Amino acid sequence: MWKLNIVSRPALRKVVSHQERYALLIIDRNLAEYDEYDFEEIAEIDPAYNDSLYESFFEREGDYLLHKLVYESNVMNRFYLLTGNSIRSDPVRGYDDISMLIDFGKFSEKNFFEKGNESELQKIIENVPILNLQKENEYYLNILQKNIGNRSSDNFLKILQEEDDKRRIGDNLKEMRIIYEQILRECSERIPDMKENCSNDYGKIIMGSQTANWLSNNRHINSVIRNFFFSIKTIASDFGNHDNKRESSVYEPTTDTVKALVYSLKDIISWFGKICSQNSKTE
C-alpha cells in the first residue's frame, strides 16, 4: 500500500532506493540533529556521497535528498521540506541551491514548511488522492493484507486507483481474477474438507462450478457470493486473461464493467474476512 513518510535517519534508505513507493515525502532538512545519523550510513546507501558533499550539506541533508531525487522523477507534487527558518523573511542556508531548482521548475516555495506549522501539513496530507482512497477502502485492504499478503492488497488498491482508466480494463479484470483465485486458495486452507473436495488431480483448487457447488451445498456461501464468483471468473476469463474475439464482437467491457466487478469483489473480500475470522489455518 502507499505510504506517508516523514523522513528521519531510519528512512533514508527507503527514500533513496524506493521513493517511488511513497505518495508523500516530508523531509526534515536537518538530519544531523538526530543522534543516529552518521556519514557512513549515507555513504553505504548512496556511493556518490563523499566528504565534500557531507561538509556542503551538513545540517541540511534533506536538501541533498531533494537534489538526489529531483532529476530522477517528478517529486515536486509529493516532496516537502521541513525547515526551522522562514524561507521568505529569513532566507535559509543553501537557499541559492534551492532557488536554482525553483527557477528551473523543479521545486517550489510552496514545498517548504516551517516546523510548527502542522495545520498546513495536515491539509496536504488530507488531500493526497491515493491516501484518501486507501483510507476509504481500509477494511478490504486490511483483510487482504492480513490473510494473503501485501501484494494482494497493493494490487487491489491499484485496481481501485485505475478503475476509470479505459486502457486498464483488461489488466484490471485479470488482476481481479487473480485476487479471487488467491481468496479461494486461502479458503481451502481454512474451511474443513474444502481442499479434499475442491481440488483437481494435481492438488490445485478448481476455480469453477465444482468448488462453488460444494461451498453452496455446505452452506459456506449463498446466492450473493456464488453469483459474484461466477461473474468475476467468467468475465475476467473472457476479457482479462484471454483475447476472446467471439465475446468481444457482441459487447466489450467498459470501465462500468470494472466498477461493477469491484463491488462484487468487495463483497467477496468481506465474506473472505468472515471465513478467516471463523476458521484457523490448517497445518
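Please treat every number below as a calculation from the coordinates, not as lab data. If you're wondering where the values come from, they're calculated on a predicted model, not measured in any experiment. Cβ coordinates were reconstructed from backbone atoms using ideal geometry, including for glycine residues, and neighbour counts include every protein chain displayed.
Taking only the Cα atoms of the stretch 123-181, the radius of gyration and Dmax are 12.2, 39 Å. Straightening the chain between residue 171 and residue 43 buys 42.1 nm, computed as 0.36 nm per residue apart minus the Cα-Cα spacing.
Evaluating 6.51 cos²θ - 1.76 cosθ + 1.60 at θ = phi - 60° for every residue in the stretch 181-196, the Karplus couplings come out as 5, 4, 4, 5, 5, 5, 4, 5, 8, 10, 7, x, 6, 5, 4, 5 Hz, glycine and proline recorded as x.
Stretch residue 99-residue 118 to full length: gain in nm at 0.36 nm per residue minus the Cα-Cα span? Mind dumping the intermediate values first?
On the way: separation 19, 0.36 × 19 = 6.84 nm, distance 2.38 nm.
4.5 nm is the gain from fully extending residue 99 to residue 118.
For the set 135/166; 158/195; 135/158; 174/274; 158/204, the pairs lying more than 21 angstrom apart at their alpha carbons are 135/166; 158/195; 174/274; 158/204.
With R₀ set to 51 Å, the beta-carbon distance separating residue 238 from residue 126 gives a calculated FRET efficiency near 0.80. Applying a DSSP loop filter and a limit of 16 other Cβ atoms within 10 Å to the chymotrypsin sites (Phe, Trp or Tyr not before Pro) in the stretch 154-257 leaves 202, 251. Between residue 281 and residue 226, the modelled labels are 3.0 nm apart [label points 7 Å from Cα along Cα→Cβ].
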